[in-house]
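Working notes, beginning with the structure itself.
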Ligand code: B12
Ligand code: SF4
């Protein structure tokens, strides 16, 4: 019988199936001692924890993650870079990064007594494969690839929670675990590099030699001491493609991103008006941006992941801008509430759509923009007015 559990199996189903695998003699031995319903005993670390680490990795991959790697819970060596980044004000209005800076600089503040960080990665490469069928005359918007589907915080989080529960139950007595997908006070990219998942590229994202630039990260901090995997190191060489590709010049130097210029920040995190000088460069990007990731030569190794496809939403491949601006608040909620797009909120999302319509729209957008130009939401109204001026500048 194969030990390739399907993605929808629960931990106990995976256990039941794996228990029958001939090759997994170690697991057979533990279950034989403890009876058919017992969890394997991973707590004895006579081998320095190597077998336990490999069993956890196997479990993570069985749950659908594409990567699982381990590092210690020691502080990130480049935590000073975060402090300098915050001092320079490059975080813009993301004040929560200031509030959690101390924790980000040392995982001990997050999980006292933590010894190990288990990183998981999911490739989101799949969703970009289909070419959307759109009428040539219709203006469409671009949504960042990671966001063209159901919210990864939910579906990665559900699996990570399950993995963390299992690790807690099979670890030494008293094992504690904390799991996060994106939202934890953890310098994920640097620590994932230390776990050997990939390297921090000049655009500041983690680049994998197996998956390219399209990995989403999550992690479990645990008190269970497990041996770390070997770290990765930077492999950019002389390449500077990502710095040159950024439409707004946000990557001001290698490894230095001024988030206030980054289209991802401007269209997702920023709550107020988008600085006028940056609006033309945003083009038709209505949520996030992939330009620095897409040009990276390491994408030749990009591969489809195991789970993202089932969460893809084809209607986010090339959504029609006019339709988006016609939605009311309730329609916005019902269409996007389980997708990352909800983060921009109704007001921010309409602001983004106005900018895109100004940049790529045609004459047929004018009446709609004129109506929105007197919207009760003053920020949205101002962006619609800007879009009308921009259309004029473009000779429309
Ligand atoms: C805040 C945030 C943002 C902000 C700021 C981005 C940034 N670069 O910091 C904004 C909104 C702009 C953003 C955008 C995006 N984000 Co974001 N974001 C985060 C978040 C929540 C915190 C990041 C953080 O701590 N920033 C502070 C800065 C200082 O940290 P840093 O850049 O990692 O700093 C390190 C490097 O600069 C490095 N460094 C400094 N000097 C040097 C020198 C050398 C030689 C080297 C090697 C390294 C190095 O050391 C620093 C400290 O470790 C993380 C989740 C998390 N908890 O980590 C997700 C996260 C980084 N985001 C993610 C994604 C997917 C994106 C986008 C691709 C989304 C999109 N398509 O629009 C873009 C990418 C833009 C970009 N080029 O970074 C993923 C990245 C996955 C990956 N493979 O790397 C993360 C990890 C979320 C997740 N769990 O998957 N994001
Ligand atoms: S595009 Fe080039 S410089 Fe940028 S992360 Fe990829 S390899 Fe490094």
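Taken together, the values in this text are just the output of simple stated rules run on the coordinates, not laboratory data. Predicted, not measured: the structure shown is a model, and the values here were computed from it. Virtual Cβ from ideal backbone geometry, glycine too; neighbours counted across all protein chains shown.
Highest average first, the peptides 58-65, 102-109, 187-194, 46-53 ordered by how many other beta carbon atoms sit within 10 Å of their residues are 187-194, 58-65, 102-109, 46-53. For the chain, a Gaussian network of Cα nodes joined below 10 Å ranks 327, 308, 379 by mean-square fluctuation, and the top entry is 327.
Does the stretch 275-396 come out rounded, prolate or oblate by the C-alpha gyration tensor, with a ≥ b ≥ c the root eigenvalues, rounded set by a/c under 1.5 and, if not, prolate when a/b is larger than b/c and oblate if not? Cα axes put the stretch 275-396 in the oblate bin.
With the simple model of a label 7 Å out from the Cα in the direction of the Cβ, residue 158 to residue 320 spans 3.1 nm. For the stretch 269-298 versus the stretch 194-252, the inter-centroid distance based on Cα atoms is 20 Å. Note: relative contact order over the stretch 257-396, using C-alpha pairs below 8 Å and six or more positions apart, is 29 percent. The modelled label-to-label distance between residue 310 and residue 276, using points 7 Å beyond Cα along the C-beta direction, is 5.0 nm. Protection proxy ranking for 140-152, 211-223, 380-392, using the average of other Cβ atoms within 10 Å per residue and placing the highest first: 211-223, 140-152, 380-392. Short-range pairs are left out: with C-alpha atoms under 8 Å and at least six residues apart, the relative contact order of the stretch 50-222 is 30 percent. Panel note: the C-alpha atoms of the chain, placed on their principal axes, show extents of 77, 44, 39 Å (largest first). What does the C-alpha gyration tensor say about the overall shape of the stretch 50-222? Classify as rounded when a/c is under 1.5, otherwise prolate if a/b is larger than b/c, or oblate. Note, shape of the stretch 50-222 comes out oblate. When a/c is below 1.5 the answer is rounded, else prolate if a/b is larger than b/c, else oblate, so apply that to the stretch 252-323 with a ≥ b ≥ c taken from the square roots of the Cα gyration tensor eigenvalues. Oblate, because a/c is 1.5 or more while a/b does not exceed b/c. Taking every DSSP bridge with both residues inside the chain, close to 95 percent are antiparallel. Expressed as a rounded percentage, what relative contact order does the chain have, with Cα pairs under 8 Å and six or more residues apart? This gives 19 percent for the chain. Per residue of the chain, the DSSP helices (runs of n ≥ 4 H) give a summed -39500 (n - 2.57) that works out to -10000 deg cm²/dmol at 222 nm.
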